[in-house]
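Engineer: Okay, handing you the structure first.
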Amino acid sequence: MNKMKIPNGLESDTMLTIHDTTRAFERAAPTIAVLPIGAVEQHGSHLPVGTDCLIAGHWAERLARELNAYLLPVIPITSSIEHRQARGTVYLKAATLGSIVQDVAESLQYDGFRQLIIVNGHGGNWILKPTVRQLNRDLDGLMTILIDTNVGIRRAHEVMEHTANDIHAGEHETSIMMHIHPELVGQVFEPTDRRFYPQDYLDYFDSTELTEDGYWGYPECATDDKGRRMMDIMVENALDVIRKLTLMRHNKTLK
Ligand SMILES: [Zn+2]
């Protein structure tokens, strides 16, 4: 297989992307596919609307590299209806996203893949959970694993000053963006309103009705170093989850 150039300028012999040919896929015969899922929605006044796409894409690429997998392109537009009042936000109905993921999984199963790793960068994509649960009953031979930001949450306190109420465009997301795309992070505006509503209020109200300028957290505490350390934890913990589930699947030690 030819060495391929990937977006960050590094080269990989093992990870496959849409830049590779069918012949390269035949030679490498990958069995694992990694599918990043983002969102196109407001992220306060200092982060781009594609923040979740960029974080999911970066995270997925690191996992695909470790797993010698096929890195699929990011599914960018997802369940962001709660941000609809902010300009630049574009969204799908949740059921549409579920159908897209189901179709992708079926086509990967047909193509001989054994594992689909979904890397979700957007907390509002609730439909992924029942979708994955169903896929793992419906599709023989393909195990679908859902990796989302909760994967790193238990160790977030090792890095972040705030682990509660830092949900959107706050310390966590801003730090990661400072690490992976510093050129896209604008002036951080320190919110004055520190009332945080329960996250499930988004079932009833739009984010613009609940937050000041779309912030839900502590962006002023973000640093690129925190982002680098958090991303390392997210990669490490995701690989741990994938390895444990793969082992259980093979050994059938389920009780
Ligand atoms: Zn986000």
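The values are calculated or read from the model by the stated rules, or taken from the named source; none is laboratory data. All figures in this text were calculated on a predicted structure; none of them were measured in a lab. In this analysis, Cβ positions are derived from the backbone assuming ideal geometry, glycine residues included, and neighbour counts consider all displayed protein chains. These accessible areas exclude ligands, DNA and RNA; they are computed on the full protein's heavy atoms, side chains included. Shrake-Rupley method; radii C 1.70, N 1.55, O 1.52, S 1.80 Å.
Engineer: Out of all the residues in the range 85-101, is one or more of a type in the set (S, T, N, Q), within 16 Å of the ligand (Cβ to nearest atom), within 16 Å of the chain's Cα centre (by Cα) and surrounded by 15 or more Cβ atoms within 10 Å (Cβ to Cβ)?
Structural biologist: No.
Engineer: Could I ask something else about it? Report yes if PRO191 is surrounded by 15 or more Cβ atoms within 10 Å (Cβ to Cβ) and touching a Phe, Trp or Tyr at 6+ places or on another chain (Cβ under 6 Å), otherwise no.
Structural biologist: Spelling it out, PRO191 is indeed surrounded by 15 or more Cβ atoms within 10 Å (Cβ to Cβ) and touching a Phe, Trp or Tyr at 6+ places or on another chain (Cβ under 6 Å).
Engineer: Do we have GLU82 as surrounded by fewer than 20 Cβ atoms within 10 Å (Cβ to Cβ) and among the charged types (D, E, K, R) here?
Structural biologist: no
Engineer: In addition: Any residue in the range 16-31 that's in a helix (DSSP H, G or I): show its pairings with residues that are open to solvent by less than 40 Å² (accessible area, probe 1.4 Å) at Cβ separation under 6 Å, as long as the two are six or more apart or on different chains.
Structural biologist: As it stands, the answer is ALA28/LEU16, since those pairs meet every condition given.
Engineer: Something else: Considering each residue of the range 37-62, count those that are closer than 19 Å to TRP216 by Cα and outside any helix (DSSP H, G or I), and give that number.
Structural biologist: Final tally of qualifying residues: 13.
Engineer: Right, another one. Go through the range 50-84 and give me each residue that's among the hydroxyl-bearing types (Ser, Thr, Tyr) and more than 11 Å from the chain's Cα centre (by Cα).
Structural biologist: If the condition is that a residue be among the hydroxyl-bearing types (Ser, Thr, Tyr) and more than 11 Å from the chain's Cα centre (by Cα), then TYR70, THR78, SER79, SER80 are the ones that fit.
Engineer: Hey, another quick one. Return yes when THR208 is surrounded by fewer than 15 Cβ atoms within 10 Å (Cβ to Cβ) and among the β-branched types (Val, Ile, Thr) and no when it is not.
Structural biologist: Criteria not met by THR208.
Engineer: Could you tell me whether GLY152 is within 23 Å of ALA69 (Cβ to Cβ), of a type in the set (Gly, Ala, Ser) and more than 16 Å from the ligand (Cβ to nearest atom)?
Structural biologist: In short, no.
Engineer: Among the listed residues ARG154, ARG243, ARG249, ARG229, which satisfies the condition of being under 23 Å from LEU47 (Cα atoms), out of contact with any His (no Cβ under 6 Å at 6 or more places or on another chain) and not hydroxyl-bearing (Ser, Thr, Tyr)?
Structural biologist: It is ARG229.
Engineer: Can I ask one more? Quick one: in the range 23-41, of everything that is within 12 Å of the ligand (Cβ to nearest atom) and open to solvent by less than 20 Å² (accessible area, probe 1.4 Å), which residue is farthest from LEU239 (Cα to Cα)?
Structural biologist: Of everything passing the filter in the range 23-41, GLU41 is farthest from LEU239 (Cα to Cα).
Engineer: Let me ask you something else. Could you tell me whether the range 56-71 includes any residue that is open to solvent by 20 Å² or more (accessible area, probe 1.4 Å) and within 16 Å of the ligand (Cβ to nearest atom)?
Structural biologist: Checked the range 56-71: at least one residue is open to solvent by 20 Å² or more (accessible area, probe 1.4 Å) and within 16 Å of the ligand (Cβ to nearest atom).
Engineer: If you go through the range 172-195, how many residues are under 16 Å from ASP52 (Cβ atoms) and either polar (S, T, N, Q) or assigned to a helix (DSSP H, G or I) (or both)?
Structural biologist: Number of matching residues: 10.
Engineer: Sticking with this structure for a sec: Across the range 117-171, what is the total count of residues that are assigned to a loop (DSSP other than H, G, I, E, B) and either of a type in the set (Val, Ile, Thr) or open to solvent by less than 40 Å² (accessible area, probe 1.4 Å) (or both)?
Structural biologist: 16
Engineer: In addition: Of the conditions (1) over 15 Å from GLY44 (Cα atoms); (2) in contact with a Lys or Arg (Cβ under 7 Å, 6 or more places away or on another chain), TYR201 fails just one. Which one is it?
Structural biologist: Going through the list (1) over 15 Å from GLY44 (Cα atoms); (2) in contact with a Lys or Arg (Cβ under 7 Å, 6 or more places away or on another chain), TYR201 breaks only (2).
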